[in-house]
Amino acid sequence: MARRSYQSVIEEIKSKCDITDVVSQVVPLKRAGTNLKGLCPFHSEKTPSFVVSDSRQRFTCFGCGASGDVIEFIQRYYNLSFPEAVERLATSCGVVIPDTYEAGGKSREAYYEINRQAARFFFTMFAGSKNPALTYMTGRGIEPATLKAFGIGYADESWNSLTDALVAQGFEKDMLLELGLISEKNGRLYDKFRSRVMFPIINARGKVIGFGGRILGAGEPKYLNSQESAAFQKKNNLFGLNLTRSPISKEGYAVLVEGYTDVISLYQHGIHNVCASLGTALTVQQARLIKRYADKVVLCYDSDQAGIDAALRGADVLRQEGLYVRILNVPEGKDPDAYVQKNGREAFLALIERQAVPDVDFKISLLEKQFDLRDTMQSVRFLQQVAHILQGLTPVEADLYIGKIARTYRVSEGALRREVQGLSGRSVTAGTVAEPAARSEGQPAVDDEAGLSLEKMLIRLAFLRSEYIAGLRDYSEAIRTPAGMRIYKALSDLADEDEEPDVQEITDALDEEATAYLNEILSTVQIGEKDEEVYADCIAKLQDRRLEKRKTEIIALLTAAEASGDQQRLDELMKEFMMIQQAQQR
C-alpha cells in the first residue's frame, strides 16, 4: 500500500472537520446571512466582528484581523504548533496520521514506545528496592512524590539488563542502537547507560523522547544524554516542559535553569513555571518553544563563570526572539537547587522580585567590575564597551539607556550617543513627545492625506458588507472628518447586522454636506473583488497607528519612571515597548 503524503492527511482532516462545528465548541455563534458571527476569542470586543464562513471554511475577525482555516484556528485558540494542531484535529475526527519516516518506514510511535518501555524499566529499578540512585536523590532532598512525578529511574551497573529486557519484548536491535539505549562491540550488545540516575526527557505532548543520566560515584562523563535520533533532538526540547507549560502560561514567565535537579527541586518547592535547556547552549528553537507559553524569561543559571557566560549567550538568543529577559545571579555562588533547598519558595520568589535585572543592566554591571572607574582612561574604556552593548538595542531602548548611563556615570549624553552612532552607523536621537500642531478653523481634522484616504476606504467598505461596520466601531478613531463621523453614526444606528447597508436609507438620515461626502466616496473609491484583503490592510494600518501612539506614550512614561527611580514600572514599560516592536516587525 502506497504511503500517503502528509499534505493528503491534512486535506482529509480539513474535509472532515467542519470549521463551524469546531469553532462553535468554544465560541457561541449566531447565524448572520450565509455566515455565522460571534465575539472574537482573540481580542476583547463588545460588538461581534468574528465571522465564520461555511462555504469558504475560514474564520475572519474584522476587528483584529485574525483569519485562517480550521487548523489555524486550533493553533491560535489552544496556543499549539502546526503539528500539534493537526494531531488534535486528527484525533477528534478519526483520521490516522501515518507517522512514518522515509528511511525504512519506521513509525515514530515505535521509537516513542521503546523509550517508554525503557523509562518503565529504569523506574522499576529505581522504585523496587534501595539502590544508589534512590540514595543519591533523597540525599539531595527530593521527595518520593516528586521523584514519581518526574519518572526518575536507575540504570544499574549491569552491562546488559536493559538490553535483555527490551530484546525480550521484541524490539529491533537497529532501533535500540539508533536511540542510543544500547551499544554494540564485536557483535556483542550492551547497555549504554550504566550506574546512573536516569532522567526521562518528555516532550510537551507527553512522549518520552530520550534520557539524561548522571553518573553515580566516579566516572566520566558526569552526564550522558541520549544521542540525536528520529525521536530526540536536544535543540528542539526543554526538560520539564511536559509538567510546567501550563504554569508557565499562567504565571506569564518561565524560570529557565541549567540542570535537571534545578528543575525538579524548584518544582518540588512550588515553583512550577520552570524548565531547563538540556545541558546545552540555549538554541533559537528552544527560545521559540518558550515563547509559545510566555513572553518573559528569568534566566537563573549557576553563579560560576561558566553559568554567567551561558546566561549572557542565552539572553541574546531570547532577546533575538522577542522575549523580555531578566537575569538572576543566585547569591553566595549557589545554584537554584541549593538555594531553594536552604531558603524555600518564598525566599526564591523574593529573590526574583528584588534581584532579577534586565539583561542589559546585568551586562553593564558585569562590565563595570572589570574597570577601575576612578581612573579616567579606564572610565573611557568602560563607556566605550557600554556603547557596544547599546549598539544592539532598538533606537528607543538605546536612548533610554544613554540617559540612564549618562546620569549614573556623569558623562555627556551627546558624547555617549555619538559613540553608539559611530559603532552602528545609525543616528540615535533622543525620544521626544511632539505637541500637536494647531490648525486653522477650516482645516480638515485629519493628520495627513493617508488618514483621509483610510477614512474613505473604511466607509466604502462598510457599504459592501455589514461585518465591516464592526471594524468602524472598533476603530472609530479612523474617522477624522465631521462629515465622516455623521456617516459613521448613521451606519451604526441604521444598518442591519445581517444585510448590506441601504444607501438610500443612510442618505436620508444625513445632512447635505455629509450626503455630498458619501456620494464622493461611493463614486471615487473603488474596492474590487478583494474586499477582505483591502479591509485587512486597513485594519493593519490602524493597528500600527495605535501601536505608534502607544510607543510615544511609553517614552514619556519611561522618562517619568526613570526620574522617580521606579524600577518595577521601568521593567513593565520596557517589556511593553519590546512587545510593540516585535508586533510591528511581524
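Of the residues making up segment 470-491, those that are part of a helix (DSSP H, G or I) and either surrounded by fewer than 16 Cβ atoms within 10 Å (Cβ to Cβ) or not aliphatic (A, V, I, L, M) (or both) are Gly471, Arg473, Asp474, Ser476, Glu477, Pro482, Gly484, Met485, Arg486, Tyr488, Lys489. Once segment 237-250 is narrowed to residues that are part of a helix (DSSP H, G or I) and in contact with a strand residue (DSSP E or B) (Cβ under 9 Å, 6 or more places away or on another chain), the residue that is nearest to Leu147 (Cα to Cα) is Leu243. Being polar (S, T, N, Q) and either farther than 18 Å from Leu224 by Cβ or not in a helix (DSSP H, G or I) (or both) is the filter here, so list the residues in segment 156-194 that pass it. Result: Ser158, Asn160, Gln169, Ser183, Asn186. For first residues located in segment 230-251 and surrounded by fewer than 21 Cβ atoms within 10 Å (Cβ to Cβ), partners that are polar (S, T, N, Q) and not in a loop (DSSP other than H, G, I, E, B) and lie 6+ apart or on another chain with Cβ distances below 8 Å form the pairs Lys235/Gln285; Lys235/Gln286; Asn236/Gln285; Asn236/Gln286. Within this structure, Leu383 fails the test of being closer than 27 Å to Ile580 by Cβ and surrounded by 13 or more Cβ atoms within 10 Å (Cβ to Cβ). Of the residues making up segment 512-531, none is out of contact with any Ser or Thr (no Cβ under 7 Å at 6 or more places or on another chain), under 17 Å from Pro48 (Cα atoms) and at pLDDT below 80. Where helices (runs of 4 or more DSSP H) fall entirely within segment 320-432, those with at least 3 residues that are closer than 30 Å to Val255 by Cα and touching a residue at least 12 places away in the same chain (Cβ under 8 Å) are at 336-343, 345-355, 359-368, 376-391, 395-409. One residue stands out among those in segment 195-210 that are within 27 Å of the chain's Cα centre (by Cα) and assigned to a loop (DSSP other than H, G, I, E, B): the one that is modelled with the lowest pLDDT, which is Arg205.
Answer with yes or no whether Gly213 is surrounded by 15 or more Cβ atoms within 10 Å (Cβ to Cβ) and assigned to a loop (DSSP other than H, G, I, E, B). Taking the combined requirement at face value, the residue does not satisfy it. Among the residues that make up segment 260-283, is at least one of them surrounded by fewer than 18 Cβ atoms within 10 Å (Cβ to Cβ) and acidic (Asp, Glu)? Scanning segment 260-283 turns up no residue that is surrounded by fewer than 18 Cβ atoms within 10 Å (Cβ to Cβ) and acidic (Asp, Glu). Give all pairs with beta carbons closer than 9 Å in which a residue from segment 137-148 that is farther than 18 Å from Gly217 by Cβ and not assigned by TED's automatic domain parsing to the domain that holds Val263 meets a residue that is part of a loop (DSSP other than H, G, I, E, B) and at pLDDT 95 or above; count only pairs at least 6 apart in sequence or on separate chains. Correct list of pairs: Ile142/Phe150; Ile142/Ile152; Thr146/Ile152. Regarding segment 147-155, can at least one residue be identified that is under 27 Å from the mean Cα position of the chain (by Cα) and either within 30 Å of Val27 (Cβ to Cβ) or not in a loop (DSSP other than H, G, I, E, B) (or both)? Taking every residue of segment 147-155 in turn, at least one turns out to be under 27 Å from the mean Cα position of the chain (by Cα) and either within 30 Å of Val27 (Cβ to Cβ) or not in a loop (DSSP other than H, G, I, E, B) (or both). For segment 204-235, which positions are more than 16 Å from Ile152 (Cβ to Cβ) and in contact with a Leu (Cβ under 7 Å, 6 or more places away or on another chain)? Hits for segment 204-235 are Ala204, Ser229, Ala231, Lys234. Taken together, the criteria exclude Glu72 from residues that are more than 30 Å from Ser476 (Cβ to Cβ), modelled with pLDDT of 90 or more and part of a helix (DSSP H, G or I). Restricting the search to segment 268-283, which residues are under 16 Å from Leu323 (Cβ atoms) and either in contact (Cβ under 8 Å) with a residue 40 or more places away in the chain or in a strand (DSSP E or B) (or both)? Hits for segment 268-283 are Val274, Cys275, Thr283. Taking the numbered list (1) surrounded by 15 or more Cβ atoms within 10 Å (Cβ to Cβ); (2) of a type in the set (Lys, Arg); (3) without any contact (Cβ under 8 Å) to a residue 12 or more places away in the chain in turn, Lys296 passes all entries but (3). Taken together, the criteria place Thr60 among residues that are in a strand (DSSP E or B), outside the structural domain of Ser466 (by TED's automatic domain parsing) and among the polar types (S, T, N, Q). Only a single item in (1) touching a strand residue (DSSP E or B) at 6+ places or on another chain (Cβ under 7 Å); (2) modelled with pLDDT of 90 or more; (3) surrounded by 18 or more Cβ atoms within 10 Å (Cβ to Cβ) is not met by Lys222, and it is number (3).
Residues considered: Val52, Val27, Val23. Of these, the only one that is of a type in the set (A, V, I, L, M), surrounded by 16 or more Cβ atoms within 10 Å (Cβ to Cβ) and in a helix (DSSP H, G or I) is Val23. Conditions first: (1) in the same structural domain as Ala306 (by TED's automatic domain parsing); (2) at positive phi; (3) of a type outside the set (A, V, I, L, M). Glu258 passes all but one, so which condition is the exception? So the condition that Glu258 fails would be (2).
The values are calculated or read from the model by the stated rules, or taken from the named source; none is laboratory data. Given the structure is predicted, the values throughout are model-derived calculations rather than measurements. Glycine also receives a Cβ, built like all others from the backbone with ideal geometry; neighbour counts cover every protein chain displayed.
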